[in-house]
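Have a look at the structure below, then the notes.
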Amino acid sequence: MPRVLVVEDSVSMRAFVRSALEGDDPDLGEIDVVEASSGFDALRLLPRGPYHLVITDINMPDINGLELVQFIRQSERHRSIPIVLISTRSSERDRDRGLTLGANAYLAKPFTPEMLREEAARQLAAGPQRTEPHD
Amino acid sequence: MTDISDKAREEFFSEAQEIVENLSRNLLALDAAEQSGTSDPSLINEAFRAVHTLKGLAGLFGATKVGALSHRLEDVLDDVRLGRQQLTAEVLDVLFASVDVYGQILAGEKEGSDDPIPAVGDLMGRLEQFGVQAGPASSPADEYDLDPGMLAVLTEYEEHRLRTNIEQGLRLYRLRVQFDLATIDKALEEIKDRAKRHGEIITYLPTGETTSAETIELDLLMASNDDLATLIGALGGDNLVIDEIPRQRASLGPATAPPSATRGTEVPRPASDRALSVAVPPAVPSEQPDVSLKAVTQTVRVDIRRLDHLMNIVGELAIIRNALARLSERLRGEGQRQLSSEVHRLHRSFDRRLTDMQNGILEVRMVPLGQVFDRLARVVRQISRDADKNIRLVITGAETEIDKLIVEELSDPLMHMIRNAIDHGIEPAEQREEVGKPAAGTIALNAFQKGNHVMVEIEDDGRGIDEERLVERAQTVGLLSSDEARELSRGERIGLIFLPGMTTKSEASDLSGRGVGMDVVRTNISKLGGVIDVHSEFGIGTKMAITLPITLAIVSSLLVRVGEYTFAIPVSSVSEAIVFDGTGVRLVDGREVMTLRGASLPLCRLDRLLNIGHETTSRRQFVVVAALGSRRIGIVVDHLFGQQDIIIKPLGKSLENVRGFAGATELGDQRVGLVLDAGALIDEVLAAATPGSDVDREGAWLI
């Protein structure tokens, strides 16, 4: 079963993502959702993977989503995990930085459960990333 | 589209509520900081993040009003945090207003109401006035030899903070810290706390250079006025290395300076150079068991109704426990000593565990009074601005804990009392100065625990209650004859503010002050099993002290019998019980009074009050002394049965206006007993000789 790490400091946002991913969807199949309530929580949970996808908010206190992307992309062990950013339309700049740092896609809030499921299915189907970081 | 689970929706409402409460707390802190001339940029950023999160959530959960409001607020807060807009008093006012509007919207949306809320439009209009100015120009961060890897992960806000700090001439430092993953939150809080006194931490960046799966290394970018030696002295330690990030000389030439803050220089940084040579487990995902996966968060949010449900079960278990005790008694009576003592032992250990469980659940229900105090602080700010009075609010004991339900019910009465204190208690500044008081009025809100009760006091240094005018007013509206007026004690005169007839708004404010709705306040407080005592010195100030039970859920009660009827009296309002032989009773002002240790104690005969005709069969009776606050009465009863934990159940709609009873309870032998409301009895007995008692009351006595 694919395992997805959802990094988000808002509890209802996590509940939203969980309920979207766990809903019946033939394209997606069953998914094991693991929630991290902060960037630190994600750092703590990452070694306990493997994860097949990370979905992370950008705007979080302390360790923000961009820092998490950078960390994952630099980590030999985790760098191949696809990453989807959750951003808002108002923070294009942050989103672009995330993509430059190696995130694979982004979802701009507000999005529907379908949009999230589609993106998750796409990323999971694409599988582990070849991330020899571009330089 | 519509497959968002109900659970997620529920989470949304409670989280939104929580976010708004945090926002409110934040604004109060901001306001305090502004007034003391300090500033903490992180507060504004937190306020921004709160609104930002709300906006995002609102979009997902289809809460359009929350979304629209958050959108506008976010723009304003974004401008403030990025330095494009000053945090003026007007901005703060609008922000404060938004907290209330959010409250209205959430209440409406939760009930599924789609009615327009006028306050939303008003607020949106006020928000429009804050225009956006042009953003700042190029980044002076270029002057520093900053690691591009670090710059690449700065959010817009972090970049702004960096720029601001550099513009203010602060130095930049890199703190490299190793953390144990298990304790990182706490360790980081400690560093943050210490660092706060020396500057601002702008960002945190995991370096990826972990030495094991259990530790992690972070680079913290910090701006400070202090020199390196000072910072090392204040923050340095075994696992914390501080380097100053040098300022590049003059020009913005190519980055020829040696990478002293050694990190890669490309964006994103290649996973090559020195970083990952350490013993990181191989990239092959190792199939570890997911035992520890679930340990993500340490708190759960619980619907209070679930706790009520548990508490009801505890109450029912208590009934079983009591039945066990009686069974043991009965067995002993029938000569089955061994069986009896076995049942007795069972009863004892059952009792202990039940008590633990009950305490455990009660503890979960407890919340700090600070929750309601925060709301009050906002009201004080608002009203004092409206009334153009300068008020200093001093809060102590916000951490005092009390049952969640009580906190909820407390906010309206407290709000009312504070409003009165500001409107009518605190004099205008000129008047205060004339009598030698400081121009700013002080309102103190104190909470503390006292035995089984929580005390909440509202104290002001205003003009106090003018008893003379209260009495005049009572006579004018016909609550008091002039004869009666002469006989009133001081306490009774001040007590007049609680009479229902004393409240007509227009005239009350032209009285000494406090008439406004105090009868309602007292009714609401007594519904919670509490009482209010008022102390006032004319010209000096007023103190209202509210005594409240810590919880409403389970009440330890004294069971008594009068004639054929069994009643329960909550132990929290009983101070003692004494044997009573009927002697030494005097009639004072037409009411029975006995003397107890030199002080007079008004008596309450339940049989007469409730019209339970009964002949006292024995000469020996008991007096249960019920005391709340400073007032007490003696309730005359035939028998005492001892103490029992009871759950108070409401009497139901048809009897809800009946005064004198807190509810009914099951007594364990399938009988039902009435629970006396000591507060109401005290009111009734003490009022019996007080003028005004013959005024029609809303409630009736149960006969």
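Please treat every number below as a calculation from the coordinates, not as lab data. Since the structure is predicted, the reported quantities are computational estimates derived from the model, not experimental observations. Quick reminder, even Gly has a Cβ in these numbers, built from the backbone with ideal geometry, and neighbours come from all protein chains shown.
Most exposed first by the Cβ proxy, i.e. fewest other Cβ within 10 Å, how do B:Glu200, B:Glu190 rank?
B:Glu190, B:Glu200
Counting other beta carbons within 10 Å of each residue's own, what order do A:Asp62, B:Asp412 fall into, fewest first?
Ranked by crowding around the Cβ, least crowded first: B:Asp412, A:Asp62.
Using only the Cα atoms of the stretch B:432-476, build the gyration tensor, take square roots of its eigenvalues as a ≥ b ≥ c, and label the shape rounded, prolate or oblate: rounded if a/c is under 1.5, else prolate if a/b is larger than b/c, else oblate.
In terms of gyration-tensor shape, oblate.
Using a cut-off of 12 Å between beta-carbons, work out the net charge of the residues near B:Asp645 (Lys and Arg +1, Asp and Glu -1, B:Asp645 not included).
Taking every Cβ under 12 Å from that of B:Asp645, the sum is -2.
If we count every other residue with Cβ under 10 angstrom of B:Glu592's Cβ, Lys/Arg +1 and Asp/Glu -1, where does the sum land?
Overall, the nearby charge balance is +4.
Provide Rg over Rh for chain A; use the alpha carbon set for both Rg and the Kirkwood Rh (inverse mean inverse pair distance).
On the way: Rg = 13.4 Å, Rh = 14.6 Å.
Radius of gyration over Kirkwood radius for chain A works out to 0.92.
Taking θ as phi - 60°, what are the ³J(HN,Hα) couplings along the stretch B:625-630 by the Karplus curve (6.51, -1.76, 1.60), each to the nearest whole Hz, with x for Gly and Pro?
Per residue, the Karplus-derived 3J(HN,Hα) values read 8, 9, 9, 9, x, 9 Hz.
If r is the Cβ-Cβ distance from B:Glu189 to B:Asp581 and R0 is 60 Å, what FRET efficiency results, to the nearest 0.05? It would help to have the intermediate numbers written out before the result.
Working: r = 65 Å, r/R0 = 1.09.
Efficiency for this residue pair is about 0.35.
Rounded to the nearest Å, what's the spacing between the alpha carbon centres of the stretch A:38-84 and the stretch B:20-35? Just the number, please.
What the calculation gives is 32 Å, centre to centre.
Amide H neighbours of B:Gly462 under 5 Å, counting only residues 5+ apart in sequence or on other chains, H built in-plane at 1.01 Å?
B:Thr542
At a 10 Å Cβ-Cβ cut-off, how would you order B:His52, B:His344, B:His453, fewest neighbours first?
B:His344, B:His453, B:His52
Quick one: which residues, 5+ away or cross-chain, put their amide H under 5 Å from the amide H of B:Thr203? H built at 1.01 Å from N.
Residues meeting the criterion, in which the H sits 1.01 Å from N, are B:Leu221.
Could you work out the relative contact order of the stretch B:6-128? I mean the mean sequence separation of Cα pairs under 8 Å and 6+ apart, divided by the number of residues, in percent.
On the way: 102 pairs, mean separation 33.6, N = 123.
Result for the stretch B:6-128 is 27 percent.
Which cross-chain or sequence-distant (5 or more) residues have an amide H under 5 Å from the amide H of B:His639, H modelled 1.01 Å from N in plane?
Result for B:His639 returns B:Arg561.
In nm, to one decimal, how far is the modelled label at B:Gln475 from the one at B:Arg345, with both set 7 Å along Cα→Cβ?
7.5 nm
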